[in-house]
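This is the structure, below, for whatever I ask next.
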Amino acid sequence: MKILIVDDERSIRNSMKEILSDEGYLVDTAEDGTSGYEMASKGHYDVVFCDIKMPGLDGTEVLEKLVSDGCESAIVMISGHGDIETAVECIKKGAFDFIQKPLDLNRLLITIKNATDKTRLVTQNKSLKKKAYGGEQMIGESPAIQHIREIISKVAATPARVLITGGNGSGKELVARGLHEQSDRAAQPYIEVNCAAIPSELIESELFGHEKGSFTSAIKQHKGKFEQADGGTLFLDEIGDMSLAAQAKVLRVLQENKLSRVGSDTDIKVDVRVIAATNKDLRAEIEKGNFREDLYHRLSVIVIHVPSLDERKSDIPLLVDYFVERICSETAMPRKAFSPEAVALLQERSWKGNIRELRNVVERLLILGGDVISAQDVRDYVL
């Protein structure tokens, strides 16, 4: 574990370094805020102890700059002039903790343990999120995909609701995830709901929750997806399959930012960004009476259309390479190359199942094909 001590008092620096080195930590020191900031920015330290009162760049400024840079070190402020107001102000600005001089050894070691525990949890959380998400990426350099990336970068930081359209398997969920990950809600929950996969009689309970005893199988209170996503993002996939009754309740949440669980009259305030997706023509569904026009206008502040794979065949070579890498990594399967002729044949065929179908085909060829996937392999196992 690496620790950095930033303090303009040599005696403090040296004594802390000696104590912590004896405890088995790797310790570096900096004599002022400027050098401390530079070292903390480049050194990948687990914990940074930073004095507040220093000439030039003081500790508070160092803290603000490191937090602004996205530094992942746990920053602990130290001061001989500490008071409650200063401590609270430092914590508000992103410090992990605040301790006063003269430093107590036990307090110092407990602070380091707590800081490292927090760092470990943050790292594990990021790893779990990555595994849960699968690490899927939006692959491609076609004009259509570059245009979607540009829209995401412009829209993500705003609170605007987004409607994503496109065929099954085209990657609508990747666009939704990209909007969340690039927003200021990225650290908050991201909840997905496939409206087509939930029976119509259960969709309201799933979205808004229910109270114990509100219906036969309601044996305990249940928080719905809107409550679970509070502060974050709710992705309503295949919203064109949602019942009209549920649509009316969703509209109320979007209008008033509050909901009531099934079986309750109590309002619960929520702060949720809603992103919706559909493979249907919602305007046609409105004409048929299957979708509320007022809800459509609430959801479609920004509309992003995800093209089919047939509309972006120039991306197929990149997608094949990407899927080979992912599938072989996930399954410990030996990596195989695709011949240019094999890739050309894949580009010629039609892909009604879009990217999802291409991934399945790549996996099939990796299992059944030769050491190098040939055009004949594609003819035998795909065409």
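The values are calculated or read from the model by the stated rules, or taken from the named source; none is laboratory data. Values in this document were obtained by computation on a predicted structure and should not be read as measured data. Ideal geometry is used to build each Cβ from the backbone, glycine not excepted, and the neighbour counts take in all protein chains shown.
Let's see how each residue does on (1) closer than 21 Å to Gly140 by Cα; (2) out of contact with any Phe, Trp or Tyr (no Cβ under 8 Å at 6 or more places or on another chain); (3) modelled with pLDDT under 95:
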residue: Ala276; (1), (2), (3): no, no, no
residue: Arg292; (1), (2), (3): no, yes, no
residue: Ile302; (1), (2), (3): no, yes, no
residue: Ser329; (1), (2), (3): yes, yes, yes
residue: Glu341; (1), (2), (3): yes, yes, no
residue: Gly353; (1), (2), (3): yes, yes, yes
residue: Val362; (1), (2), (3): yes, no, no
residue: Gly370; (1), (2), (3): no, yes, yes
residue: Gln376; (1), (2), (3): no, yes, no
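Sort out which residues of the range 329-363 are more than 30 Å from the chain's Cα centre (by Cα) and part of a helix (DSSP H, G or I), and write them in order of number.
Hits for the range 329-363 are Pro340, Glu341, Ala342, Val343, Ala344, Leu345, Leu346, Gln347, Glu348.
Moving on. Within the range 200-248, count every residue that is in contact with a Cys (Cβ under 7 Å, 6 or more places away or on another chain) and among the small types (Gly, Ala, Ser).
Counting residues in the range 200-248 that are in contact with a Cys (Cβ under 7 Å, 6 or more places away or on another chain) and among the small types (Gly, Ala, Ser) gives 0.
Given Phe226, Phe215, which one is aromatic (Phe, Trp, Tyr) and either in a loop (DSSP other than H, G, I, E, B) or touching a His at 6+ places or on another chain (Cβ under 8 Å) (or both)?
Phe215
As an exercise: evaluate Ser314 against (1) over 24 Å from the mean Cα position of the chain (by Cα); (2) over 24 Å from Pro143 (Cα atoms); (3) surrounded by fewer than 19 Cβ atoms within 10 Å (Cβ to Cβ) and give the number of the one condition it does not meet.
Every listed condition holds for Ser314 apart from (2).
Checking Val155 against (1) out of contact with any strand residue (DSSP E or B) (no Cβ under 8 Å at 6 or more places or on another chain); (2) closer than 19 Å to His305 by Cα, only one condition comes out false. Which one?
(1)
Looking at the range 259-290, which of its residues are more than 23 Å from Ser170 (Cα to Cα), touching a residue at least 24 places away in the same chain (Cβ under 8 Å) and part of a loop (DSSP other than H, G, I, E, B)?
Within the range 259-290, Ser260, Arg261, Gly263, Ser264, Val270, Asp271, Val272, Asn290 meet the criteria.
With Ser11, Ser15, Ser41, Ser79 as the choices, which residue is within 20 Å of Gln100 (Cβ to Cβ) and either aromatic (Phe, Trp, Tyr) or in contact with a Lys or Arg (Cβ under 9 Å, 6 or more places away or on another chain) (or both)?
Answer to the check: Ser79.
Moving on to the next point. So how many residues does the range 101-145 have that are surrounded by 15 or more Cβ atoms within 10 Å (Cβ to Cβ), modelled with pLDDT of 85 or more and of a type in the set (Val, Ile, Thr)?
Residues in the range 101-145 being surrounded by 15 or more Cβ atoms within 10 Å (Cβ to Cβ), modelled with pLDDT of 85 or more and of a type in the set (Val, Ile, Thr): 4 in total.
Considering only residues of the range 153-174 that are closer than 17 Å to Leu234 by Cα and free of Cβ contacts under 8 Å to residues at least 40 places away in the same chain, which is surrounded by the fewest Cβ atoms within 10 Å (Cβ to Cβ)?
Applying the filter and picking the extreme gives Ala157.
Select from the range 1-47 the residues that are among the polar types (S, T, N, Q) and modelled with pLDDT of 90 or more and write down the one among them that is farthest from the chain's Cα centre (by Cα).
Ser11
Limited to the range 207-223, what total is found for residues that are at pLDDT below 90, on the phi < 0 side of the Ramachandran plot and either crowded, with 20+ Cβ neighbours inside 10 Å or not assigned by TED's automatic domain parsing to the domain that holds Val270 (or both)?
Within the range 207-223, residues that are at pLDDT below 90, on the phi < 0 side of the Ramachandran plot and either crowded, with 20+ Cβ neighbours inside 10 Å or not assigned by TED's automatic domain parsing to the domain that holds Val270 (or both) number 1.
A further question on this structure: Of all residues in the range 78-100, which are under 17 Å from Ser15 (Cα atoms) and either crowded, with 16+ Cβ neighbours inside 10 Å or touching a residue at least 60 places away in the same chain (Cβ under 8 Å) (or both)?
Of everything in the range 78-100, those that are under 17 Å from Ser15 (Cα atoms) and either crowded, with 16+ Cβ neighbours inside 10 Å or touching a residue at least 60 places away in the same chain (Cβ under 8 Å) (or both) turn out to be Ile78, Ser79, Ile99, Gln100.
Here is a follow-up. Among the residues of the range 48-58, count how many are closer than 16 Å to Ile3 by Cβ and at pLDDT below 90.
Going through the range 48-58 one residue at a time, the tally reaches 0.
Going through the range 229-258 one residue at a time, which ones are crowded, with 20+ Cβ neighbours inside 10 Å and part of a loop (DSSP other than H, G, I, E, B)?
Selection gives Ala229, Met242.
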